[in-house]
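The values are calculated or read from the model by the stated rules, or taken from the named source; none is laboratory data. Keep in mind the model is a prediction, meaning the values are calculated, not measured. We place every Cβ from the backbone using ideal geometry, glycine too, and count neighbours over all the protein chains shown. Only protein heavy atoms, including side chains, enter the accessible area calculation; ligands, DNA and RNA are left aside. Shrake-Rupley method; radii C 1.70, N 1.55, O 1.52, S 1.80 Å.
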Amino acid sequence: MTLKILRALVYVGAILTALVLAGIVGYILINGIPHLKPSLFEWTYTSENVSLMPALVDTILMALLALVLAVPTGVGAAIYLVEYARSTSRFVRVVRMTAETLQGIPSIIYGLFGLLFFTTMLGWGLSLMSGACTLAIMVLPVVMRTTEEALLAVPESYKQGGFALGAGRVRTIFRCVLPSALPGIVGGVLLALGRCVGEVAALLFTAGTVAQIPDFGGQGIFALFDSCRTLAVHMYVLASEGLHMDEAYATAVVLLILVVILNTGANFAAKRLKRGM
Amino acid sequence: MMQEIKQDARIAPSLPVISETKMGVEELDLFYGEFQALKDVTLDFPKNEVTALIGPSGCGKSTLLKALNRMNDLVDGCRVDGLVSLDGDDIYRDVPVNDLRRRVGMVFQQPNPFPMSIYDNIAFGPRTHGIKGKAELDVIVEQSLRDAAIWDEVKDRLKKSALGLSGGQQQRLCIARALAVQPEVLLLDESTSALDPISTAKIEDLVVEFASKYTVIMVTHNMLQALRVSTKTAFFLLGEMVEAGDTDELFTHPKDSRTADYVSGRFG
């Protein structure tokens, strides 16, 4: 009897979860797709066309830049913690605790920090660079913790096999351990990517809301210090102004599609990488 | 001259010296933190012979094996006192650890092929030690796989993942991988205990053949295996080496009553 109730609860939970997800996606698609007009994809934003194209490009730039900063740092830190540091050392415990705490901090706090440090103190202004650095700090613990878990899950015997053949630590880690941990690491990177793409609060403080593609052609590297708005921020602005709700839904559709494409791409890349190793 | 004196000093009282010593341990104490896993062990491993280390679980035989190629270094809190030598050189002081592990290869209890192709598994060791040429690697891979009697089974699937092989094949692959760096000594840590009887028999045949080229030191739980394969045997109990000698002699006329009890199956 109790088993039956438990089983029913499990089904109800699963169905509710699926329904909520389907409901949200369906609602966005129904409200958004009819408003996907060609004018939304013009290269320049005006208050008439409220084009989402600059925001789309900015989103990709912002997410890539943040990940370029956060992934090597996070993966490197995780490798150090798991493979080099003594697991009992105080330093390791402090780093782990810090990472866990940072993971639980609301993003607006990161935004406030970014505003005070990157935007004001370093004088980078509201810019792609300030925003990306803030996002990088925000997702660093995510990348670090998932990579750590992935490394810990690799069988000890791979490492022993490497050492027993006279391979040094670096070669053993990079050739025997990391390839097996790769799917887990990619999972962490995807999680980080999702947070970058969906972030609004932290970026309002650090990247601003200027709807333009940074002018790398004209300014070169200094375009990194242009203000820009990502799709999520674009949506927020459109919706909060209240004048362009339809376009906000259309933007949400594009954002959804972007996330699906990025996830599929990353999974595909991980499979290819794993087979190649 | 120095070398000779050193050699003389290292002759263990318990093993009659017939052939040249390849590896030796002298007054070896080994600690895991507070726990002493090996107590004052002195033992010589003669060149080109198979020495078996036997004893009940937790007697220190695997610990001794791991002390011979410094795999114990990976264990936090492990401390070694005493001399372990390879060709008369102190391996904890005079031999770089990666050289040591190339010269003293190891095969583990569980087969542990890397998650890569069969070819890359075998080539991993040679590549580590600087051999990059494709032609040269091809020769090493084929020869190693032949020496481990698995070439015919895998020659058509060298580029396939090693994880697709059966347990027995994986273990022979691991032996081939160890052979590919041209070791002088092979350590086998209960390397057949996870395998079926047919795979075990194949590996035992290999080990007997290896004695002509390598010095083999094997830990085994299986006394019949020690009898079948080894020429020397050392019996361990609670971290002490109780008795060592010719395998036949140790099994038929053990000098110590504890050895007699163990080899006759009264405990262990």
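Can you give the calculated 222 nm mean residue ellipticity of chain A, where each DSSP H run of n ≥ 4 adds -39,500 (n - 2.57) and the sum is split over every residue, rounded to the nearest 500 deg cm²/dmol?
About -23000 deg cm²/dmol.
Quote the relative contact order of chain A in percent (integer), defining contacts as alpha-carbon pairs under 8 Å separated by 6+ residues.
After rounding, I find 27 percent.
Take every DSSP beta bridge whose two residues both sit in the protein assembly as shown, then give the antiparallel share in percent to the nearest 5.
That works out to approximately 60 percent antiparallel.
So how strong a dipole does the protein assembly as shown carry about its Cα centre when Lys and Arg Cβ are +1 and Asp and Glu Cβ are -1, to the nearest 20 debye?
Roughly 1060 debye, rounded to the nearest 20.
Ignoring ligands, DNA and RNA, how much accessible area is buried between chains A and B, both sides summed, with a 1.4 Å probe, to the nearest 100 Å²?
1800 Å²
In deg cm²/dmol, rounded to 500, what helix-only [θ] at 222 nm does chain B give when every DSSP H run of at least 4 residues adds -39500 (n - 2.57) and the total is split over its residues?
Helix-only estimate at 222 nm: -10500 deg cm²/dmol.
Over the whole of B:172-178, what's the average partner chain Cβ count within 10 Å per residue? Rounded to a whole number, please.
Shielding by partners across B:172-178 averages 1.
Run the numbers on chain B and let me know its relative contact order in percent, using alpha-carbon pairs under 8 Å that are six or more apart.
That works out to 26 percent.
Taking 56 Å as R0, compute the FRET efficiency from the Cβ-Cβ separation of A:I108 and B:K213 and round it to 0.05.
The pair A:I108/B:K213 has a calculated efficiency of 0.25.
Please tell me which of these pairs span more than 25 angstrom C-alpha to C-alpha: B:K66/B:K134; B:K132/B:K160; B:K22/B:K159; B:K22/B:K132; A:K271/B:K66; A:K37/A:K271?
B:K66/B:K134; B:K22/B:K159; B:K22/B:K132; A:K271/B:K66; A:K37/A:K271
I want the local charge near B:D248. Using Cβ-Cβ distances under 15 Å, sum +1 for each Lys or Arg and -1 for each Asp or Glu among the other residues.
-1
Can you list residues from other chains, or at least 5 along the same chain, whose modelled amide H is less than 5 Å from the amide H of B:E240?
Hits under the 5 Å cutoff: B:K39.
Taking the Cβ-Cβ separation of A:N267 and A:L36 as r and a Förster radius of 22 Å, what is the calculated FRET efficiency to the nearest 0.05?
The pair A:N267/A:L36 has a calculated efficiency of 0.25.
If you take every DSSP beta bridge fully contained in chain B, what fraction is antiparallel? Give it as a percent rounded to 5.
The antiparallel proportion sits near 60 percent.
If you build a Gaussian network model of chain A, linking Cα atoms that sit under 10 Å apart, which residue out of A:A266, A:A202, A:A55 swings the most?
A:A266
Around B:F124, under 11 Å between beta carbons, what's the net of Lys plus Arg minus Asp minus Glu among the other residues?
Net of charged neighbours comes to +3.
For B:Y92, A:Y110, what's the largest-to-smallest order of accessible area, 1.4 Å probe?
Heavy-atom accessible area, descending, gives B:Y92, A:Y110.
Need the list of lysines near B:K255 for cross-linking: C-alpha distance under 22 angstrom, and skip anything on the same chain fewer than eight residues off.
Cross-link targets: B:K39, B:K61, B:K232.
In Å², what does the accessible area per residue of the stretch A:46-276 work out to with a 1.4 Å probe?
Per-residue value: 45 Å².
To the nearest 0.05, how large is the calculated FRET efficiency for B:T252 and B:D81 if R₀ is 30 Å and r is the Cβ-Cβ distance?
0.30
Given an 8 Å cut-off on Cα distances and at least 6 residues of separation, report the relative contact order of the stretch A:123-277 as a percent.
It comes to 29 percent, rounded to a whole number.
In degrees from 0 to 90, rounded to the nearest 10, what is the angle of the helix A:178-198 Cα long axis to the longest principal axis of chain A?
Tilt of helix A:178-198: around 20 degrees.
Bin width 20 Å, alpha-carbon pairs only: give the P(r) of the protein assembly as shown as whole percents, running from 0 to the bin holding the largest distance.
18, 37, 26, 16, 3, 0
Quick check: from the Cα gyration tensor, does the stretch A:141-249 come out rounded (a/c under 1.5), prolate or oblate?
Since a/c reaches 1.5 and a/b is larger than b/c, the shape of the stretch A:141-249 is classed as prolate.
With a cut-off of 11 Å, note down the residues of the stretch A:186-229 whose backbone N falls inside the zone around a label point 7 Å from the Cα of A:V25 toward its beta carbon.
none
Enumerate the aspartates and glutamates that B:K202 could reach by cross-link, defined here as Cα to Cα under 20 Å, with residues fewer than 8 away along the same chain left out.
Result set, ordered by chain and number: B:E49, B:E142, B:D147, B:D152, B:E153, B:D189, B:E190.
Would you work out which of B:T259, B:Q225, B:A244 lies farthest towards the positive end of the dipole of the stretch B:220-268, given +1 charges on the beta-carbon of Lys and Arg and -1 on that of Asp and Glu, about the Cα centre?
Sorting the options by dipole projection puts first B:Q225.
For A:L16 and A:T120, calculate 0.36 nm times their separation in residues minus their Cα-Cα distance, and state this gained length in nm to one decimal.
Roughly 32.9 nm would be gained on extension.
Can you compute the modelled spin-label distance between B:A201 and A:S240, with each label point 7 Å from Cα toward Cβ, in nm?
With each label placed 7 Å out from Cα toward Cβ, I get 7.9 nm.
May I ask for the Rg/Rh ratio of chain B, computed from Cα atoms with Rh as the Kirkwood radius, given to two decimals?
With Rg and the Kirkwood Rh in hand, the quotient comes to 0.97.
If I ignore ligands, DNA and RNA and count only protein heavy atoms, how much of B:L86 is accessible to a 1.4 Å probe, in Å² to the nearest 10?
For B:L86, solvent-accessible area is about 0 Å².
Quick one: accessible surface of B:D261, probe radius 1.4 Å, all protein chains present, in square angstrom to the nearest 10.
Accessible surface of B:D261 is approximately 50 Å².
Nothing charged except the Cβ atoms of Lys and Arg (+1) and of Asp and Glu (-1): what's the magnitude of the dipole of chain A about its Cα centre? Round to the nearest 20 debye.
Using only the charged Cβ atoms, the result is roughly 1580 debye.
Just how far, in whole angstrom, is the stretch A:179-195 from the stretch A:215-258 if you go by their alpha carbon centroids?
What the calculation gives is 26 Å, centre to centre.
7 Å from Cα along Cα→Cβ at both A:L258 and B:S19: what's the point-to-point distance in nm?
A separation of 7.1 nm, rounded to one decimal place.
Pop out the ³J(HN,Hα) list for the stretch A:221-231 in order, Karplus 6.51 cos²θ - 1.76 cosθ + 1.60 with θ = phi - 60°, rounded to Hz; leave Gly and Pro as x.
5, 5, 4, 4, 9, 7, 6, 8, 10, 7, 4
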